[in-house]
Amino acid sequence: MRKELLELIPEFNLIRDKNLRERVLDIWEYALKENNLEIEDLLEMPFTLLIENPPANIISHTKAVTLTSLRIAEAMIDIYKERILINQDYLIAGALLHDIGKLYEFIKEGGKFVKSRVGKIIRHPISGAAIAYKFGLPEEIVHIIAAHSKEGETVKRTIEAIIVHHADFVNFEPFK
Ligand SMILES: [Fe+2]
C-alpha cells in the first residue's frame, strides 16, 4: 500500500527528514486500514461534500494543497529571506495530513460518499489532529492540521498553518 501511496502522492518525498516522512506515510496507511479503505476508494472520495461534482478527489486535493503551500513558502522565502522562518518539513507534512481526518469523516454508502456517524460529531481537523498526536508528530504539525479550517479561527496560527489554511481555501472556494 505504501508503494501505491507514493506513486499517487510523490509529494511525500518532499519531506526531507526521513523519519518524519515515514511517520506521515504510516498515518496514511493507518487511516486507510482503520476505515477499511483501499487506494481505489480514495480515487473516488471527493475532497468535500459541500460541492456537487467537485473537481478533485481527496488525493488530487491533497497534492494541490501541498504544492500550493510549498510554492507560497518558496515565494516568501525568496523575497523575505531570513526575515521569515518557515519550517518546510512541517509545512509539507501538515499539508499532506490536513484532510486525513476526512477518511474518518466520510463513508461510502450505496456507491457514494456521505458523512459518517463519527463525521457528524467530530470534524476532520479534530480527528486528523488526534491521529497525528497518536503517532507522536511534532505539535507544530498537529497545530497545522487542527487549525487549517474554521477551528483555527480561535487560535493564533503559526506561519505554516496560515499558509496551509490559505492554500486549502484557494483550492476550494473557486469551485464552490
Ligand atoms: Fe482540504
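The values are calculated or read from the model by the stated rules, or taken from the named source; none is laboratory data. Computed from a predicted model, the values in this text were never measured in an experiment. All Cβ positions, even for glycine, are placed from backbone atoms using ideal geometry, and neighbour counts span all protein chains on display. All accessible areas refer to the heavy atoms of the entire protein, side chains included, with ligands and DNA or RNA removed. Shrake-Rupley method; radii C 1.70, N 1.55, O 1.52, S 1.80 Å.
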**Complete:** Within the range 89-172, DSSP-loop trypsin sites (Lys or Arg not before Pro) with at most 15 other C-beta atoms within 10 Å are LYS156
**Prompt:** ³J(HN,Hα) across the range 9-20 via Karplus (A = 6.51, B = -1.76, C = 1.60, θ = phi - 60°), whole Hz, x for Gly/Pro?
**Reply:** 10, x, 4, 4, 5, 6, 6, 6, 6, 4, 4, 5
**Phi to ³J(HN,Hα) by Karplus 6.51 cos²θ - 1.76 cosθ + 1.60 over the range 39-48, Hz, x for Gly, Pro** = 3, 4, 5, 5, 5, 9, 6, x, 7, 8
**Prompt:** Under 19 Å from the 7 Å Cα→Cβ point of VAL155, by amide nitrogen: which residues of the range 7-49?
**Reply:** 24
**Prompt:** What's the FRET efficiency of GLU38 with ARG117 using the Cβ-Cβ distance as r and R₀ = 25 Å, to the nearest 0.05?
**Reply:** 0.75
**Message:** Quick check: Cα centre of the range 46-61 to Cα centre of the range 98-176, how many Å?
**Reply:** 14 Å
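Dividing the alpha-carbon Rg of the chain by 2.2 N^0.38 Å yields what? Each step should come with its number before you reach the end.
Values: Rg = 15.3 Å, N = 176, 2.2 N^0.38 = 15.7 Å.
Normalised Cα radius of gyration, the chain: 0.98.
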**Item:** GluC sites (Glu not before Pro) lying in DSSP loop within the range 67-109, provided at most 16 other Cβ fall within 10 Å
**Value:** none
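How large is the accessible surface per residue of the chain, computed with a 1.4 Å probe and reported in Å² as a whole number? Intermediate values should be presented prior to the final figure.
Working: 9160 Å² over 176 residues.
Heavy-atom accessible area per residue stands at 52 Å².
For the pair ASN19 and PHE175, what calculated FRET efficiency results from E = 1/(1 + (r/R0)^6), where r is the Cβ-Cβ distance and R0 = 25 Å, to the nearest 0.05?
Working: r = 36 Å, r/R0 = 1.42.
Given R0 = 25 Å and the Cβ-Cβ separation, E is 0.10.
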